[in-house]
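Written below as structure tokens is the structure these notes are about.
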Amino acid sequence: MIRLSGRTLAAVVGAYLLTASVSADVPRELSFRTLGFYGLQLDLGDFAYLKFTYTEPSHKENITRYNAALEEAHDAGKLSLVGLYTFDRVSHKQPIDTYLTNTDTLLEGLRRDLIHAVCLGEENVTWNKGSEILNALYDRVTGKWKLECYQWLSMPYPPQGQVKADGWVLDAYGYDYDTFRRHLAKFVITGKPVVVCVNATAPGAKHAAEQILPGQPGSAAEAQMRICREFNVPVFFYAVDRNFGNVHGWLRDSDQETVRCRRWAMDWISRAHEERPGGLPLVSADYLEARPAEVCGGIDHAFAQQYDFSATDFLNSAGVEGLSKIRWDGMTGKLLLEGNQRPEVARLFWHLTSPLEMDALTAAVTGRAEGKGARVTVAVAPDVLHWSPSRREVPREAEDVQLESSLAANWRGREAWVMLEMFAPPGSRVAIDTLSFRGRTRPPADRTIRLAPGPERAVLYHDDFSSPKLIHFAEVEPREELQWQAGNWFITGKQGGANSVRLRIHFTSDKPLAEAEVKVGALAWTRDHNASIRLGLSANGQTLLTSRNTTDLPQDERYHRFSGEVSLPLDEAEELRGTRDFWLVIEMVNSSGVKAGPSNLLNSLQVLGRAGPS
């Protein structure tokens, strides 16, 4: 591998930036003060993610070149994170023994003393034997070769409890500030090193990763760099040129978009090198804001949620105080807090909201507290100030914990809070097995959905089907055939005959509607399940004035299915122009005659518009 000279770099990036980047006192361990590059060791970086491939005997001749790259990085005072590309990451066509042999042959020939850690390729999947293969390779790398082994999973995977790892690498191209921060937090709570790959490639490049130029308003890359700094997480840049996907090309390219990407990345490197040792992570990295979590009962009006901590989904909506203190152990399915030199405390909050009035709210926790003085508290509240706690403090060495907390029997409300608090004195430990809450919602007096348009066109109603509230506003026939899972309403086939469901949803507005439109996210397996979804608008809930059928819309070429958003502008029907009142009618049909999985799915419902003239 060729290392660019200081003279070449200066010609490309300017002497000032080169001096600021290369002469900085860069730490030798990985932190936000160490920024690197994907695929190549560059003078202006502090480490590199190096890609070493061995999938056939002819690749053995590359090992000499790989060692030269490791030695070059070491001589320059850089760290090397080595990607082992010894298996096909999605198809997994070869036997596991072949992948193990490939890995052994490659590692046997490498200068392992110069490797900071290895990573098993990139963007891996856990299905199609993926977890089994990743774990087998992890055991070989750590057992036989005594190297730390990181895992790099494909988006949108968070860390997987049953995938073995000493650390994590992730890329989240396009993730905005809030989405990326919560996603990163799921890796942070594993307590293992995290390294993030951030985009520094121009949006016009052949191998572009994002559509907004890094550093410009709305740039995901800029937001991710700020968050990685907050959490003191090391970063390497995905930085390739416009035409060939090459890092050297990115460094030399005179294309103006690439020039701006290069300046942006170098500015971040300079800023990272200027960080005060010990100044990161920021205090704010210990906190995660609670997201409102919508709850609603189904046909029986009851709702329930349980987290067993086998996955990180509890962080989808939880707020956290003490994020750096808690540890998630996916292998055992536990949330942990350990007291070290001083007492530790951590709190998790869930903000429950409902479109209907709630009652009978109860929260429960199970787990184990070890060590005198260790304490677990679960509490519920109608707001963030007035808690009804249930607390257990361990008076002896260890004790199983089962606690419940409920609001008053006469409580009614559309929002509430649940809190879990863990307290661990020095030498003690709290392990939470489950956290759950349950309650009921009261049915609405009127099924009509009311819209309140303003002067500007905006979203007037949105349902992502995270709760089954639609069942209380839609008229459904037959009701028993329509099924719900978080994020979807769906039907399946019926053995020996057709299955169909009809939904009618009534909307009314306090002002005449203009530029109004209904959008429905839908998926219909046209070929495999003979499935269709017809969506239409009506003035009376019976006669369709305009409609779409998924069988007539563009189909996915691979699966011959419809998957996308169906748009129904109200202005297509003369009778609905300027209306205050309309119906959405949805007809889902599966005529395959086979009982199988979900075939017709609805995944979102949205109404947009503004107030028109009276």
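The values are calculated or read from the model by the stated rules, or taken from the named source; none is laboratory data. What you see is a predicted model, and the numbers here were worked out from it, not measured in a lab. For neighbour counting, all protein chains shown are included, and Cβ atoms are generated from backbone atoms with ideal geometry for every residue, glycine included. Heads up: the accessible areas ignore ligands, DNA and RNA and are worked out on the full protein's heavy atoms, side chains in. Shrake-Rupley method; radii C 1.70, N 1.55, O 1.52, S 1.80 Å.
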Revision key, fill the gap. Selection over the stretch 537-586 where residues are over 19 Å from V607 (Cα atoms) and aliphatic (A, V, I, L, M) yields a count of 1
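So, W328, is that one closer than 16 Å to D286 by Cβ, within 21 Å of the chain's Cα centre (by Cα) and crowded, with 17+ Cβ neighbours inside 10 Å or not? Outline the logic, then answer.
Numbers: closer than 16 Å to D286 by Cβ: yes; within 21 Å of the chain's Cα centre (by Cα): yes; crowded, with 17+ Cβ neighbours inside 10 Å: yes.
Spelling it out, W328 is indeed closer than 16 Å to D286 by Cβ, within 21 Å of the chain's Cα centre (by Cα) and crowded, with 17+ Cβ neighbours inside 10 Å.
So that you can scan it fast, the table gives a plain yes or no per residue for (1) touching a Phe, Trp or Tyr at 6+ places or on another chain (Cβ under 9 Å); (2) over 9 Å from A424 (Cα atoms); (3) part of a loop (DSSP other than H, G, I, E, B):
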position	(1), (2), (3)
L335	yes, yes, no
Q341	no, yes, yes
V345	yes, no, no
L352	yes, yes, no
L356	no, yes, no
L361	yes, yes, no
V365	no, yes, no
Check your understanding: Out of all the residues in the stretch 150-183, which are assigned to a loop (DSSP other than H, G, I, E, B), more than 10 Å from the chain's Cα centre (by Cα) and among the hydroxyl-bearing types (S, T, Y)?
Key -> S154, Y173
Point to revise | Residue among K78, K93 that alone is over 25 Å from V235 (Cα atoms) and either touching a residue at least 12 places away in the same chain (Cβ under 8 Å) or within 33 Å of the chain's Cα centre (by Cα) (or both) | key: K93
Check your understanding: If you check F237 against the conditions, is it of a type outside the set (K, R) and in a strand (DSSP E or B)?
Key -> yes
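Looking for whichever is in a loop (DSSP other than H, G, I, E, B), at negative phi and surrounded by 18 or more Cβ atoms within 10 Å (Cβ to Cβ) here; the options are S467, S405. Which one fits?
Numbers: S405 fails: in a loop (DSSP other than H, G, I, E, B).
From the options S467, S405, the qualifying one is S467.
What about V141, is it crowded, with 17+ Cβ neighbours inside 10 Å, at pLDDT 95 or above and in contact with a Phe, Trp or Tyr (Cβ under 8 Å, 6 or more places away or on another chain)? So that I can check it myself, show each step before the final result.
Details: crowded, with 17+ Cβ neighbours inside 10 Å: yes; at pLDDT 95 or above: yes; in contact with a Phe, Trp or Tyr (Cβ under 8 Å, 6 or more places away or on another chain): no.
Answer is no for this residue.
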Practice item. Consider G322 carefully, then state whether it is at pLDDT below 95 and crowded, with 17+ Cβ neighbours inside 10 Å. Key: no
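Take the residues of the stretch 79-133 that are acidic (D, E) and closer than 22 Å to W168 by Cβ: which is modelled with the lowest pLDDT?
Kept after step one, since they are acidic (D, E), are these residues of the stretch 79-133: 88, 97, 104, 108, 113, 122-123, 132.
Still in the running and closer than 22 Å to W168 by Cβ: 88, 122-123, 132.
Working: D88: 93, E122: 96, E123: 96, E132: 97.
Among them, the one singled out is D88.
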Exercise for review: Just one of (1) modelled with pLDDT of 95 or more; (2) open to solvent by less than 30 Å² (accessible area, probe 1.4 Å); (3) over 22 Å from E294 (Cβ atoms) trips up F423, so point out which.
Suggested key: (2)
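Out of G249, G218, report the one residue that is part of a helix (DSSP H, G or I), small (G, A, S) and free of Cβ contacts under 8 Å to residues at least 60 places away in the same chain.
On the way: G218 fails: part of a helix (DSSP H, G or I).
Selected residue: G249, the only one of G249, G218 that is part of a helix (DSSP H, G or I), small (G, A, S) and free of Cβ contacts under 8 Å to residues at least 60 places away in the same chain.
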Point to revise | Failed condition for L147, given (1) in contact with a strand residue (DSSP E or B) (Cβ under 8 Å, 6 or more places away or on another chain); (2) closer than 29 Å to A290 by Cα; (3) open to solvent by 10 Å² or more (accessible area, probe 1.4 Å); (4) in a loop (DSSP other than H, G, I, E, B) | key: (2)
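Quick check on my filter: what residues within the stretch 381-400 are part of a loop (DSSP other than H, G, I, E, B) and touching a strand residue (DSSP E or B) at 6+ places or on another chain (Cβ under 8 Å)?
Kept after step one, since they are part of a loop (DSSP other than H, G, I, E, B), are these residues of the stretch 381-400: 382-387, 394-397.
Answer for the stretch 381-400, where residues must be part of a loop (DSSP other than H, G, I, E, B) and touching a strand residue (DSSP E or B) at 6+ places or on another chain (Cβ under 8 Å): P382, D383, V384, W387, V394, E397.
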